[in-house]
Amino acid sequence: MVSPSDGEQSSPDDETAVESNTDGGDHSIHDAAQQDGRVGRLHVITDFKLQQQRSHAELARLALRGGADTIQFRQKHGGIRNLLSQARATQAVCRDASMPMIVDDRLDVAQAVGAAGVHLGREDFPIREARDLLGPDAIIGATANTVAQVEDALEDGATYVGLGPVFKTGSKRNPKSVVGLETLAEACDAVPIPVIAIGGITHDRVRPTLEAGAYGVAVLSAIATSNNPERAAARFRAAIDGALRTA
């Protein structure tokens, strides 16, 4: 799972995409050395806890239309039959769009529905064993909060690492848990696999986040709880593409 997740801040739906004028210091956006064609730049995490207006599949459909290129199916509670039903429906949406779906936490669900892979937290199924079970082509994301954990994830066989919370979020009230852009930059310099930033990522923070070295960003509430998830995703997509164009 991408655990520092629930605190991305939503912006009003009628706002236009905002890009920061931050120069990015000594760090530039990482080039092909960190790129993996299987890993997207905009990871959208589906949800049915923070909102009950839309299903996972509907959120995925709208996010993909807005420019998301990875969907992370995340459902912490409920019976396995319902979980599988929701995951299958979401996987069908992603398959039709030729975009990958990864499943948060649940290796068994990922296998059952034919997902592209899983995202595993530090207390979840071990990455090494997941790699043995899923094979070399599966996308396996790992949660990290420190540079050392990022390096461990690489050694264990992760495809990418979700690092955060990069900024203070509504769900992480302890400021000591925030890793900040400096640690993000150190983590990105430490490993050759993509680092996906999560936690408090807003449109105006996309540019400095990518300039610190992040390959992309993961977003939950800013899109899932938006009145218009497609437009919210499009604003993030525009911010990412704008940052990459001027890197």
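The values are calculated or read from the model by the stated rules, or taken from the named source; none is laboratory data. These numbers come from a predicted model, not from an experiment. Neighbour counts are summed over all protein chains in view; Cβ atoms, including those assigned to glycine, are modelled from backbone coordinates with ideal geometry. We work out accessible area using only protein heavy atoms, side chains counted, and drop any ligands, DNA or RNA first. Shrake-Rupley method; radii C 1.70, N 1.55, O 1.52, S 1.80 Å.
Here are some notes:
- Residue within the range 154-164 that is of a type in the set (Phe, Trp, Tyr) and out of contact with any Gly (no Cβ under 9 Å at 6 or more places or on another chain) present: no
- Per-region count, the range 38-69, residues β-branched (Val, Ile, Thr) and either more than 14 Å from residue 232 (Cα to Cα) or at pLDDT below 95 (or both): 1
- Pairing each residue of the range 106-129 that is closer than 14 Å to residue 92 by Cα with any residue that is open to solvent by 40 Å² or more (accessible area, probe 1.4 Å) and in a helix (DSSP H, G or I), provided the two are 6+ apart or on different chains, yields C-beta distances under 7 Å for 113/88.
- Check on residue 65, over 15 Å from the mean Cα position of the chain (by Cα) and surrounded by fewer than 19 Cβ atoms within 10 Å (Cβ to Cβ): yes
- Where residue 40 falls short, out of the listed (1) at negative phi; (2) surrounded by fewer than 23 Cβ atoms within 10 Å (Cβ to Cβ): (2)
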